[in-house]
Amino acid sequence: MYKKSICFYFQVHQPWRLSKVNILRLAEQDDLFEGFGHGDNKAVFKKVAEKCYLPTNKLLYSIIKKHPEVKVTFSLSGVFLDQAECFDKRVIKSFKKLLDTGNVELMNETYYHSLAWLFSKKEFAHQIKMHRSKIWKLFKRRPVFFRNTELIYNNQVANFARLIGFNGIVAEGWDPLLNGQNPNFVYNAKTCDIHPEDRKIADDACFTKRRNHKIKLLLKNYRLSDDIAFRFSNKDWPEYPLTVEKYADWIEFSDGNTYNLFLDYETFGEHQWEETGIFEFLRKLPTELLQRNIYFRTVSETIKDYRVKGEIDIHNLISWADESRDLSAWVGNRIQEAAIKAVYDLEPRIIALTKGKKRREEKDALIEIWRRLQTSDHFYYMCTKYWNDGDVHKYFSHYESPYNAFINFMNCFNDFVLQLDKFEQQDKKDKIESKSEKIHEA
Amino acid sequence: MNKGKVLMLGWEYAPFYSGGLGIVTRSIVNSLKKQGMDIILVLPKVPFELNEDQLEIINASKVKIESPESIIYSDIEINSLLTAYSTSYSYKERINKLIEIGAKEMSDKTANEVYGTNLFNEVERYAQKAAKIAEKYPHQVIHTHDWMTAKAGLAAKKVSNKPMVMHIHATEFERSAGNPNQDVYEIEREGMNGASKIIAVSERTKEKIVSNYGVSEDKVVVVHNAIEKYPQAKRIGKKINKTDKIVLFLGRLTLQKGAEFLLEAAEKVLRHKRRVKFVFIGHGDMLPFLIKRSIDLGIEKKVMFTGFMDHEDVDKAYQMADVYVMPSVDEPFGITTLEAIKNGTPVIISKQSGVSEVIVNALKVDFWDIDELANQILSVIRYNPLSKCIAQNAEEELKRLDWDKQCKKIMNVYEQVNSK
């Protein structure tokens, strides 16, 4: 058996960016998720499909045909899949084709790429469930591996995922938290108690009869991942240009079983343009690695084939973002906190909408808006930490500033609240009327 | 560089000033002193006593000159500090007033000539005195501020043969909102031609200098304004009342400053939120128009025009405000933005301003985009977290805007012109 392998996991996600809404014109919107400019979400999706999804899928397919040893894992967010269905069905088709090779595994995540874990376990569990059904519906797969939004992780997340039924979970291999442990091995997440109320939620959401006592953990090798994702085309990087030989050397001559390369899929063709040679790199890499007896495994194969090296104990929440690997990119300032709190404060009113068959379509449409408002990207746009440092180029956003992002989010949010108010008032009126009718009939 | 003397030809000087120039001149002088420079500061009038090390202040009005011509109109007191920044519209008003006062003596001249002679005469007189001063006080570099002291700079240069640096805080194009006075323009152009280097307060002003005055790009150095690290203004923590939010405008009520755009936005804001007051501090030729417009819009009860305020009251006003708005049509810099931030107030600034090149923790808006301005005002007064977040981050940002750092750039310019 091969001693070493690469575990590729690609994250594929597109948020429903909000429409531009002025506070003077609330309740005049047809669609809150068009994108900042008219039809932007569609345009962005089509662009990324052309530059990244379609060509990279095609390339991976041809690589797999040439080297059946090559395996990859994807996590496709629910909102990405929805947009693919709306804007470019070829993307779904090409993923199906890839999956048909049998060399591709899909992971489960929160449907709306949300931060629900932090604010509502019930919503969190529900979005996992929604995502499972979507993956089943489109691809006839039942994922057993879990990925939380932005790799937000601690012992609690892992154990909650275990209770739901997952075999494994992915996290950032950030060395300050690993106590000298090498991320290139398979670990167990430390078992911990879950609050009885949360436990009940997990039990209800459990999809299997055979739950594991431990959940396995794969840690991202952030250096090797970032070499491709961020540094690949950086001419100031001493290792530039990155060749497959050099990259294979780094893997061959370092200690470990599994090299967990977790990347945003947009790295290929979008973050790193075709002209940088990123596709060539990907095309040549398998040949080079296989020559050196370095194999490929999906996440599930990796935890099956390698022995557990030890246990990882992480109390504080971490993520895969920024230098700090914490949550400050999404909930690091008061505008982010205010906005996200506003959304989750509506949860009881949304739960009320889930009941009853009457006006089902209208209710579902409102619930859908509420959930789309939870996507983490909205809160990322409000992040001020780089902004304030004058490091404006690190602010990846279509908004002029984090403050404009907050203003537009709150305008969309308030537009939604007006819709919700209107619906509830009408609903109440209907109920009173139907009651009085019944009294009449009696 | 051998830290020689700077002959600084100023026009306004804080605390006696009407606009940003007085504050900026004082800040530059203070910072240059800190870096070890000696400064001879010449001002047209010095209404206060000021004795400081490394600084010699010369009151140009006390310097005697022989030419009898230049004192002909000196008995007519004009407030040059204000008129230097007036628009052509207010020239006329001013002229009419002058005619009333001195109708007899001036009856044989046209109004324009009278006014023109007066203001331009003052500039001329200042130039003659500057030449005398330049002769008497040795210096290594001449630093002038805007068109009013350009002639003085050129005159001094002629005498001492030292290089001249022209600091542009505003061009006539910006002051006049696109209707430049030809005479002022000529003086500016002459000054720019004669200067060895030009300092512009922003990239946008640099662009204007290059495109409107035929100056080559490499002659112009951008040195953004900053703010002095004087002790934190005392916070009063007062409001008009518990419920009313205050939106503040501070500046001359002229076309350039765009007060009317805020007024239009105010009407839209008030449609959504009644308990908001709009306070306009400053005076200018557009006051009658603005009053009339606020009545037409039916918001006159929500709008207050206070006239000019002194420095201490201005700080209080900034602190009382929930948001400061600078809707300028064309603003070379906009130092009031920094003053508002210093007082802990979030700011909304026009994108057509120099200060928007250096401050990121602000809301920015095209001056003509009234709906967006209303959107931003409503958001800031509605969401406390937003207002706090902007104000606090801006205050942090302000700490990095350092006059000492900027003055090193100015001293670099001195060095460059002296090594030529």
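The values are calculated or read from the model by the stated rules, or taken from the named source; none is laboratory data. This structure is a prediction, so every number in the text was calculated from the model and none was measured. Methodologically, a virtual Cβ is constructed for each residue, glycine included, from the backbone with ideal geometry; neighbour enumeration extends over all protein chains shown. For the accessible areas, the whole protein counts, side chains as well, though only heavy atoms, and no ligand, DNA or RNA atoms are used. Shrake-Rupley method; radii C 1.70, N 1.55, O 1.52, S 1.80 Å.
Just a few scattered comments:
- Residue in segment A:310-325 that is polar (S, T, N, Q) and either without any contact (Cβ under 8 Å) to a residue 12 or more places away in the chain or under 30 Å from B:Val358 (Cα atoms) (or both) present: yes
- Pairs are defined by a Cβ separation below 6 Å, a sequence spacing of at least 6 or placement on different chains, a first member in segment B:338-363 that is more than 10 Å from every other protein chain (Cβ to nearest Cβ), and a second member that is polar (S, T, N, Q) and open to solvent by 10 Å² or more (accessible area, probe 1.4 Å); the pairs so defined are B:Asn343/B:Gln319; B:Ile349/B:Ser356.
- Filtering segment A:300-316 to residues that are open to solvent by less than 30 Å² (accessible area, probe 1.4 Å) and either in contact with a Lys or Arg (Cβ under 9 Å, 6 or more places away or on another chain) or among the aromatic types (Phe, Trp, Tyr) (or both) leaves A:Thr302, A:Ile303, A:Tyr306, A:Ile312, A:Ile314.
Here's the yes/no breakdown for (1) within 14 Å of chain B (Cβ to nearest Cβ); (2) under 21 Å from A:Phe279 (Cβ atoms):
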site	(1), (2)
A:Gln11	no, yes
A:Asn22	yes, no
A:Arg25	yes, no
A:Asp40	no, no
A:Ala43	no, no
A:Lys58	no, yes
A:Tyr61	no, yes
A:Ile64	no, yes
A:Val70	no, yes
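- Among the residues listed as A:Tyr403, A:Tyr399, the single one being within 14 Å of chain B (Cβ to nearest Cβ) and either within 20 Å of A:Thr149 (Cα to Cα) or in contact with a Cys (Cβ under 8 Å, 6 or more places away or on another chain) (or both): A:Tyr403
- Of everything in segment B:306-361 that is charged (D, E, K, R) and assigned to a helix (DSSP H, G or I), the residue that is farthest from B:Arg235 (Cα to Cα) is B:Glu357.
- Flag if A:Thr73 is open to solvent by less than 10 Å² (accessible area, probe 1.4 Å), touching a residue at least 24 places away in the same chain (Cβ under 8 Å), part of a helix (DSSP H, G or I) and assigned by TED's automatic domain parsing to the domain that holds A:Ala43: no
- In segment B:308-320, of all residues being out of contact with any Lys or Arg (no Cβ under 9 Å at 6 or more places or on another chain) and open to solvent by less than 50 Å² (accessible area, probe 1.4 Å), the one that is modelled with the lowest pLDDT corresponds to B:Val314.
- Single residue of segment A:23-40 satisfying the filter (touching a Ser or Thr at 6+ places or on another chain (Cβ under 9 Å) and assigned to a helix (DSSP H, G or I)) that is most open to solvent (accessible area, probe 1.4 Å): A:Asp40
- Residue within segment B:300-310 that is within 14 Å of another protein chain (Cβ to nearest Cβ) and acidic (Asp, Glu) present: no
- If you go through segment B:248-297 and pick out every residue that is within 14 Å of another protein chain (Cβ to nearest Cβ) and either among the small types (Gly, Ala, Ser) or at positive phi (or both), you end up with 2.
- Out of B:Ser379, B:Ser387, one residue alone is farther than 30 Å from B:Gln140 by Cα, open to solvent by less than 30 Å² (accessible area, probe 1.4 Å), without any contact (Cβ under 8 Å) to a residue 40 or more places away in the chain and assigned to a helix (DSSP H, G or I). It is B:Ser379.
- Residues that are under 26 Å from B:Gly20 (Cβ atoms) and open to solvent by 30 Å² or more (accessible area, probe 1.4 Å), drawn from segment B:261-283: B:Phe261, B:Glu264, B:Lys277, B:His283
- Remark: pairs (first residue in segment A:217-233, free of Cβ contacts under 8 Å to residues at least 12 places away in the same chain; second residue of a type outside the set (Ser, Thr, Tyr) and surrounded by fewer than 20 Cβ atoms within 10 Å (Cβ to Cβ); Cβ separation under 6 Å; 6+ apart in sequence or on different chains) = A:Arg231/A:Trp237.
- Extreme residue, least open to solvent (accessible area, probe 1.4 Å), among residues of segment A:232-289 that are assigned to a loop (DSSP other than H, G, I, E, B) and among the acidic types (Asp, Glu): A:Glu270
- Identification of helices (runs of 4 or more DSSP H) wholly contained in segment A:348-442 with 3 or more residues that are surrounded by fewer than 17 Cβ atoms within 10 Å (Cβ to Cβ) yields A:360-372, A:402-441.
- Within segment A:213-231, considering residues that are part of a helix (DSSP H, G or I) and open to solvent by less than 10 Å² (accessible area, probe 1.4 Å), the one farthest from A:Val186 (Cα to Cα): A:Ile228
- Filter result for A:Asn184 (part of a loop (DSSP other than H, G, I, E, B), among the polar types (S, T, N, Q) and open to solvent by less than 40 Å² (accessible area, probe 1.4 Å)): yes
- Exactly one residue out of A:Arg142, A:Arg132 is in a helix (DSSP H, G or I) and either assigned by TED's automatic domain parsing to the domain that holds A:Phe10 or among the basic types (Lys, Arg) (or both), and it is A:Arg132.
- Only listed residue being farther than 30 Å from B:Ile377 by Cβ, small (Gly, Ala, Ser) and more than 23 Å from the chain's Cα centre (by Cα), chosen from A:Ala352, A:Ala321, A:Ala365: A:Ala352
- With respect to the conditions (1) at pLDDT below 95; (2) open to solvent by 10 Å² or more (accessible area, probe 1.4 Å); (3) of a type outside the set (Phe, Trp, Tyr), B:Asn118 lacks only one, and its number is (2).
- Looking across segment A:329-347 at every residue that is small (Gly, Ala, Ser) and within 14 Å of chain B (Cβ to nearest Cβ), the one that is most open to solvent (accessible area, probe 1.4 Å) is identified as A:Gly332.
- Annotation for segment A:248-257: at least one member residue is in the same structural domain as A:Thr56 (by TED's automatic domain parsing) and closer than 27 Å to A:Val144 by Cα.
- Any chance A:Glu197 is assigned by TED's automatic domain parsing to the domain that holds A:Ser75 and within 30 Å of A:Pro68 (Cα to Cα): no
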